[in-house]
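**Q** Structure incoming, see below.
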Amino acid sequence: MKRIYRDLGLTIAAGLIAFGVCWGVNHWLLDASPAQPAASLIGDAHDHDGLHTVLHEQLGLTAEQDAQLAEIEARFAPKQRELEARIQAANRALAEAIARDQRYSPAVAAAVEEIHHAQGALQKATLDHLFSMTPVLTPAQTKTLYRLTTDALEHNP
């Protein structure tokens, strides 16, 4: 019986770590100012003022680049909302399964799997989104964007 609790604990810990990585990549630029270190670039997913601040101040965007990136952001936003809602729904299903079954049941396992799949999908979509920005940027801006991203991931694992 203790193994079940250990396995459940490890599964939940792995899920939290995976969620942290997804969340960090997904949100690192959305609530930042130039005075903040890369580690504190994580914020509200819908705060596009923070995104524009970091892009303008740290990347030195032109008006044309800003317009192109705004289009990229607008295309990504619905997918981001969809995947975040999927994660929230899976978390609710997990909570319901735990409350109902009070053990590591098939319903708990299925909810954990759905959380992992949704988090993975969000991480992949976020990385696709990140890389879709690079054709708009100069090589120096791209290098800065990648540095900010890796700094945020290293400091917010």
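The values are calculated or read from the model by the stated rules, or taken from the named source; none is laboratory data. This one's a predicted model, so the numbers in the text were calculated from it and none came from an experiment. Note that we place each Cβ from the backbone using ideal geometry, even for glycine, and neighbour counts take in every protein chain shown.
**Q** Among the residues of the stretch 106-121 satisfying the criterion of being buried (at least 18 other Cβ atoms within 10 Å of the Cβ) and in contact (Cβ under 8 Å) with a residue 24 or more places away in the chain, which is farthest from LEU153 (Cα to Cα)?
**A** Taking the candidates together, the pick is VAL108.
**Q** When you go through (1) touching a residue at least 24 places away in the same chain (Cβ under 8 Å); (2) over 23 Å from THR53 (Cβ atoms); (3) of a type in the set (Lys, Arg) one by one for LYS124, which number turns out not to apply?
**A** (1)
**Q** Give the residues of the stretch 40-76 that are farther than 22 Å from PHE131 by Cβ, modelled with pLDDT under 70 and assigned to a helix (DSSP H, G or I), sorted by residue number.
**A** SER40, ASP49
**Q** A further question follows. Go through the stretch 93-105 and report how many residues are crowded, with 18+ Cβ neighbours inside 10 Å and small (Gly, Ala, Ser).
**A** 1
**Q** Name the residue that is surrounded by the most Cβ atoms within 10 Å (Cβ to Cβ), counting only residues in the stretch 127-145 that are over 22 Å from GLN88 (Cβ atoms) and free of Cβ contacts under 8 Å to residues at least 60 places away in the same chain.
**A** Per the criteria, the residue is THR142.
**Q** Another question, if that's okay. Can you tell me which residue in the stretch 146-157 is modelled with the lowest pLDDT, limited to those that are over 21 Å from LYS79 (Cα atoms) and surrounded by 15 or more Cβ atoms within 10 Å (Cβ to Cβ)?
**A** ASN156
**Q** On the basis of being over 21 Å from GLY120 (Cα atoms) and either modelled with pLDDT under 95 or assigned to a helix (DSSP H, G or I) (or both), does ALA90 make the cut?
**A** no
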